[in-house]
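The values are calculated or read from the model by the stated rules, or taken from the named source; none is laboratory data. Small disclaimer: the values here were computed from a predicted structure and weren't measured. Backbone-built Cβ (ideal geometry, glycine too); neighbour counts: all protein chains shown.
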Amino acid sequence: MTFVNLLDTIGQTPLVHAPRLSAELGCEIGFKLEYLNPGLSIKDRMVKHIIQQGVREGKIGPDTTIVEGSSGNTAASVAMIAAAMGLRARIVMPEKVSREKVDTVRAYGAEVIMTTTESDPNSPNYYPNVAKRIVESTPNCFYVDQYMNPANTDAHYAITGPELYSQCGGQIDLLVIGVGTGGSATGIGRYFKERDQLKVLGIDTVGSIYTEHFYTGSHGEAAIYKVEGIGEDFIPPIVDFQYIDDFEQVSDKDSFLAGRELARTDGLLLGGSTGSAVAGLKQYLAKKGGAAAAGFKRVVVLSPDSGVKYLSKMYNDDWMREQGWL
Ligand SMILES: Cc1ncc(COP(=O)(O)O)c(C=O)c1O
């Protein structure tokens, strides 16, 4: 019998066809199911890459504490990978994060520091600022720093991009990717655009500054929204807009309703940001006069995580009614 290392099970996720959604939108649509990573999201890939790089560079030893600020998925990946490597982890999370995500991080034995949900990146309580203070005051710690660390983008350029390309290389017309740190859109977008002519559609949320910044070069203030993982209140230095052709900004309501519908029509129970991607794709195709008019025959949607992480929110009818969305 051969055992594998937990970290070796990260990646090689399937690209799954959604026949009903494809028929509805008039093009073939596949979802890259990143919830099939062991930490249940795409973030396993970049956290593994960053931590292994830290070990190689001698920045992480047996007594190192791994620190990160995260709205959830990165936190789970850091906590899981730290536990698998016998390391300690300390995670800062904003309180908007779903209960399931907080409990997951604690289940891996990581220390959780909760902070208020802020839309002002200059607020001392803004979760990356809290993480930064912890890093400054904790001896022998390693800061993953997904917003600033170019190794986030490198991981997707070196690993996710080639993997997805070999699954669909040369044959897709549109790649739909939610933009949070921008690591996946920039890394995968760059890998594809160096090889093929295709469009990359970035997905953003109402309340985030990305879309306005992308089209005008400046932006107003951010507002709080409920979708987790995408949209930002500042422009992370690792995001590179040259690999994104267009942005669609999607409301919380449209994101969650699209995610709920996809579970029923195609058996794909995916996270809120995948709902945003589906709703954003619909908005985009409507503006273009439909998939055929735009020349989109094959579309791939990157799906970062599972709906199981949001059973108490977007997949809970009472919660949806409280928001006025059902
Ligand atoms: C659920 C979810 N979707 C999308 C993203 C965006 O990915 P990226 O940070 O690579 O832009 C994240 C990142 O945290 C996420 O957690």
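Within segment 97-116, restricting attention to residues that are surrounded by 17 or more Cβ atoms within 10 Å (Cβ to Cβ) and of a type in the set (V, I, T), the residue that is farthest from A79 (Cα to Cα) is T115.
Residues that are among the acidic types (D, E) and within 16 Å of the ligand (Cβ to nearest atom) do not occur anywhere in segment 104-127. Note on segment 165-181: residues that are farther than 20 Å from A279 by Cβ and within 11 Å of the ligand (Cβ to nearest atom) total 1. The residue list G180, G170, G187, G161 contains one member that is modelled with pLDDT of 95 or more and part of a loop (DSSP other than H, G, I, E, B), which is G180.
Would you mind stating whether G11 is in contact with a helix residue (DSSP H, G or I) (Cβ under 9 Å, 6 or more places away or on another chain), of a type outside the set (A, V, I, L, M, F, W, C) and modelled with pLDDT under 95?
For G11, the condition - in contact with a helix residue (DSSP H, G or I) (Cβ under 9 Å, 6 or more places away or on another chain), of a type outside the set (A, V, I, L, M, F, W, C) and modelled with pLDDT under 95 - is not met.
Has segment 274-282 got at least one residue that is at pLDDT 95 or above and either more than 25 Å from K199 (Cα to Cα) or surrounded by fewer than 20 Cβ atoms within 10 Å (Cβ to Cβ) (or both)? Yes, some residue in segment 274-282 is at pLDDT 95 or above and either more than 25 Å from K199 (Cα to Cα) or surrounded by fewer than 20 Cβ atoms within 10 Å (Cβ to Cβ) (or both). Per the listing A23, A76, A18, the residue uniquely touching a helix residue (DSSP H, G or I) at 6+ places or on another chain (Cβ under 8 Å) and outside the structural domain of S137 (by TED's automatic domain parsing) is A18.
Note on segment 62-77: among residues that are touching a strand residue (DSSP E or B) at 6+ places or on another chain (Cβ under 9 Å) and away from the ligand (no atom under 12 Å from the Cβ), the one that is farthest from N125 (Cα to Cα) is D63. Filter segment 1-60 down to the residues that are more than 16 Å from the ligand (Cβ to nearest atom), within 24 Å of K297 (Cα to Cα) and basic (K, R) and list them by number. Scanning segment 1-60 gives a single hit, R20. Filtered by the rule that a residue be away from the ligand (no atom under 12 Å from the Cβ), outside any helix (DSSP H, G or I) and of a type outside the set (A, V, I, L, M, F, W, C), segment 227-261 gives D233, P237, D245, D246, E248, Q249, S251.
Residues in segment 269-313 that are within 14 Å of the ligand (Cβ to nearest atom), closer than 20 Å to G180 by Cα and without any contact (Cβ under 8 Å) to a residue 60 or more places away in the chain: G272, G275, A279, G307.
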